[in-house]
Amino acid sequence: METTHKYVILIVAIVTILTKSAIGQIVNTTFPSLNMELMGYVSLEEMSISGANDVWGWTDTVEQTEYILLGANSGLCFLKIESGGVPHFMGMLPSHGVSSLWRDVKVLGDYAYIVTEAPGSGIQVFDLTQLRNWNDSQGTVAWTETGFSSAFSSAHNIAVHEPSSSVYVLGSNFQSGGVMIFDVSNPLQPLLTGVYGESGYFHDAQIVSYNGPDPDYQGQIILLAANEIGMVVLNVTDPTDIVQISFSTYPNPHYSHQVWLSEDGSFALLGDELDELSNQVSGTRTMVWDMQNLDIPILVGENISDINTTDHNQYIVGELVFQSNYKGGLRVLSAKDWSSGILTEIAFFDVYPETDAKGFLGTWSNYPFFESGLIAVSSIDRGLFVVKQKVFTVEVLDDFWCDSDWVSFNVTVPLGLTGPYYLSVQGVPIGAYPVGITSTPSLVEPGSSTLGYILGSSSFSDLVNPVWVLETAFNRFEANVTFSTSYNSFMYLDNDGDGYGNPYSSIIACTGDNLNGLNYVNNSNDCDDSRAVSFPLAVEVCDFQDNNCNGVIDDNVTLLAWFPDDDNDGFGDPLGEVLMCAPPAGYVQDSSDCNDGQAVIYPGASGTYQGFDNNCDGIFQFSEHSLCPGDFNFDNTINVMDLLEILGSFGCIGPGCTVDLNEDGTVTVYDLLSFLYYIGTACPQ
């Protein structure tokens with residue numbers, strides 16, 4: 001089955017490359033959604049990457065700032081979430097070695113742990129607290145890894161268990177691709193403590209401190225894994241003595257991809273990545289398992305969605321399921337009826353509006369665990385989206401209230417979730433509450449519309465920014481608020497001071513000057529309120545930004561020429577020119593390298609006595625001649641190994657011909673005859 005997995009990866013890579021050129025700018029595309037609001041977006045081009053994959057998040061507990069960690073083919077991208085949910089690209093941690101289509105990252109404490117399927121990639125460790133000191137003035141930073149472990153060569157996935165300070169590596173080149181457990185009590189030096197391969201290849205896994213209904217395992221550390229053909233449950237409390245609790249299959253398995261346990265441990269959801277492509281199902285299939293007895297999980301149902309798109313990663317928060325289903329986008333399902341095997345869709349945001357067909361483009365994964373309610377959604381072919389869920393509505397009926405002390409509104413609460421529903425209005429003057437209710441929150445019924453009034457002891461001319469919040473037994477939501485068409489009490493945050501407001505960060509107020517130390521304006525025309533150089537009618541410059549807010553990045557600007565620097569000597573190959581605003585990884589602006597395959601050859605370089613034109617001037621200086629002509633492998637002996645070198649380069653033309661003994665620009669029989677003259681000669685010491 002691991003061969004099938006490699007085949008899937010190859011398909012994704014080919015489709016991504018063939019389709020990328022046909023993808024237009026996001027601003028020219030409408031993204032279908034239900035009960036979702038787009039807060040921010042960063043394109044592949046802005047991050048100088050060719051494709052995105054996995055995504056995770058980190059919240060700085062010191063500054064309470066939220067960060068997004070986005071996997072890319074060439075490394076791990078860091079993005080800081082600014083006011084209003086706008087993500088700012090901070091730079092990238094490059095791969096430890098070659099690029100890889102697959103990259104997985106998880107966070108334990110203040111450290112990120114990264115794996116890829118590229119040979120020699122091991123575990124990269126990155127201290128996330130370094131991100132605190134970054135600001136926009138630094139631009140994009142090439143970050144460096146804080147630690148590294150070479151305990152294995154490559155792996156498909158990684159998971160963490162914070163209470164035990166453990167990292168779990170899955171799908172590695174050891175133990176049939178099972179699980180390797182590392183103690184990271186010392187975060188920079190992962191220590192291998194256990195391995196297990198008896199249950200086959202693990203594609204993905206979740207590790208929990210079990211507090212579910214099965215009394216036999218309460219207080220134990222439990223691992224749930226998708227192992228390509230089914231679901232495996234392990235007891236990993238003792239890494240040196242891992243025990244399989246159960247192995248469960250389901251009808252028509254094609255590629256068991258990922259499993260996730262509910263917060264109360266009562267049920268689990270499992271996705272099969274290839275069952276839709278096999279035409280065995282009519283829509284996206286999710287297996288719903290009753291996990292009340294870990295020894296005998298029961299498949300209670302197969303939920304089939306209305307669209308037949310390929311499924312990928314999914315996570316459970318409260319009673320909500322957040323599924324990244326490739327071309328179907330982010331789908332949010334209610335699991336209130338899990339015992340019947342039924343999941344009810346209540347929201348979605350489609351990052352691939354072209355089609356909902358099967359296949360490997362669109363969203364790869366999502367991260368729904370931020371306290372702010374923001375959801376990071378990775379898109380293979382477009383970049384990163386940040387969205388926020390809005391599952392109930394408030395309709396404000398008043399046009400203006402700056403000279404009033406009340407506001408009336410209609411509230412509609414959603415179906416499909418487990419009540420009771422509690423409505424609270426935050427940010428209003430002290431003493432304000434819905435009429436007839438002595439305090440907030442107030443209890444409202446599902447599916448109903450409620451007319452209420454917020455009363456205050458003083459006029460709303462003071463700063464007021466009401467936030468309608470709905471809470472159920474499991475989840476918290478902010479309202480999707482609509483106002484009458486003539487409503488005119490909005491002010492918008494002008495964070496960058498350019499006179500244009502952020503449409504995603506508004507307050508209800510009658511004046512906007514220096515409110516709580518911030519400045520607000522009465523327009524919402526800014527397209528990026530974090531940069532004063534971006535506003536309507538601004539001059540467009542070459543900086544990967546939409547400066548003039550016309551929806552097009554870097555239009556009508558002069559692009560810069562960049563050249564590949566494969567040998568990292570700071571000088572580029574003139575034959576590899578690309579035109580971009582910022583350098584792709586491994587490119588420089590200099591184009592004067594005469595040999596981009598040798599780091600000791602570049603304009604102005606000193607001679608190395610190796611037979612190279614080190615300084616690229618076309619003339620061999622004494623210090624550039626080899627002290628031992630014919631010793632091509634520099635082992636101080638001219639022998640048959642050097643003969644093989646010259647035979648292997650026969651016919652070579654140009655400055656890269658390191659076995660060109662007579663330095664005439666080509667390797668011919670004359671060089672072979674010269675070599676035979678030297679063979680057997682001892683090199684000077």
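Expressed as a whole number of Å, what is the distance separating the alpha-carbon centroids of the stretch 379-397 and the stretch 574-600?
Going from one Cα centre to the other spans 41 Å.
Where in the chain is the longest stretch that carries no GluC sites (Glu not before Pro) classed as loop by DSSP and with at most 10 other Cβ atoms within 10 Å?
Result for the longest clean stretch: 372-685.
In nm, to one decimal, how far is the THR482 label point from the THR30 one, both placed 7 Å along Cα→Cβ?
A separation of 1.6 nm, rounded to one decimal place.
For the stretch 626-685, what mean projected area does the convex hull of the alpha carbons give, in nm²?
Here the figure is 3.6 nm², rounded to one decimal.
Could you give the angle, 0 to 90 degrees to the nearest 10, between helix 669-678's Cα long axis and the longest principal axis of the Cα atoms of the chain?
That works out to roughly 70 degrees.
How far is the Cα center of the stretch 118-155 from the Cα center of the stretch 263-281, in Å?
33
With r as the distance between the Cβ atoms of LEU443 and THR344 and R0 = 25 Å, compute the FRET efficiency 1/(1 + (r/R0)^6) and round to 0.05.
It comes to 0.65.
Counting only residues 5 or more places away or on other chains, whose amide H sits under 5 Å from the amide H of CYS616 once H atoms are built in the peptide plane?
TYR602
Which one of HIS257, LEU277, LEU294 is farthest out on the positive end of the charge dipole of the stretch 207-336, using unit charges on Cβ (Lys, Arg +1; Asp, Glu -1) and the Cα centre as origin?
LEU277
Among LEU343, LEU44, LEU673, what is the fewest-to-most ranking by other Cβ atoms within 10 Å?
LEU673, LEU44, LEU343
List the residues whose amide H sits under 5 Å from the amide H of TYR255, counting only those 5 or more places along or on another chain, with H placed 1.01 Å from N in the peptide plane.
Answer set, sorted by chain and number: GLU273, LEU274, ASP275.
For TRP364, enumerate residues with amide H under 5 Å from its amide H, sequence gap 5+ or separate chain, H modeled in the peptide plane.
SER378, SER379, ILE380
In debye, nearest 20, what is the charge dipole magnitude of the chain about its Cα centre with +1 on Lys and Arg Cβ and -1 on Asp and Glu Cβ, if you could check?
My answer is approximately 1480 debye.
Can you list which of the chymotrypsin sites (Phe, Trp or Tyr not before Pro) found in the stretch 579-685 are DSSP loop residues with at most 16 other C-beta atoms within 10 Å?
TYR609, PHE620, PHE634, PHE650
Over the stretch 2-389, calculate the relative contact order: mean separation of alpha carbon pairs under 8 Å at least 6 apart, over the residue count, as a percent.
About 15 percent, as a whole number.
Relative contact order of the chain, please, whole-number percent, based on alpha carbon pairs below 8 angstrom and at least 6 residues apart.
Once divided by the residue count of the chain, the mean separation gives 8 percent.
If one computes the Cα centroid of the stretch 335-367 and of the stretch 554-569, what distance in Å separates the two points?
39
Would you count, across the chain, every pair of lysines whose alpha carbons are under 18 angstrom apart, provided the pair is eight or more residues apart or spans two chains?
5
If r is the Cβ-Cβ distance from GLN218 to ASN279 and R0 is 60 Å, what FRET efficiency results, to the nearest 0.05?
0.90
Starting at the first residue of the stretch 578-585, write each ³J(HN,Hα) from the Karplus equation 6.51 cos²θ - 1.76 cosθ + 1.60 with θ = phi - 60°, in whole Hz, x for Gly and Pro.
10, 10, 8, 7, 10, x, x, 4
Over the Cα atoms of the chain, Rg to Rh with Kirkwood Rh, two decimal places?
1.05
Using 1/(1 + (r/R0)^6) with R0 = 30 angstrom and r between the beta carbons of SER408 and SER372, what's the FRET efficiency to the nearest 0.05?
Calculated transfer efficiency: 0.55.
Report the label-to-label distance for PHE247 and SER592 in nanometres (one decimal), using points 7 Å from each Cα along the Cα→Cβ vector.
Output for this residue pair reads 6.5 nm.
Quick one: if you stick a label point 7 Å off each Cα along the C-beta vector at GLU37 and ASP183, how many nm between them?
Label-label distance for GLU37 and ASP183, simple model: 4.8 nm.
Enumerate the calculated ³J(HN,Hα) couplings along the stretch 70-80 in order (Karplus 6.51 cos²θ - 1.76 cosθ + 1.60, θ = phi - 60°), each rounded to whole Hz, writing x wherever the residue is Gly or Pro.
10, x, 9, 4, 9, x, 10, 8, 10, 9, 9
Mind listing the Cα extents of the stretch 2-389 along all three principal axes, in Å, largest one first?
55, 47, 39
For each of PHE78, PHE544, count neighbouring Cβ atoms within 10 Å of the residue's Cβ, then give the residues from fewest to most.
Placing the least packed residue first, the sequence is PHE544, PHE78.
Readers should treat all values here as calculations from the given coordinates under stated rules, not as data from a laboratory. In this text, all values refer to a predicted model and were calculated from it rather than measured experimentally. For neighbour counting, all protein chains shown are included, and Cβ atoms are generated from backbone atoms with ideal geometry for every residue, glycine included.
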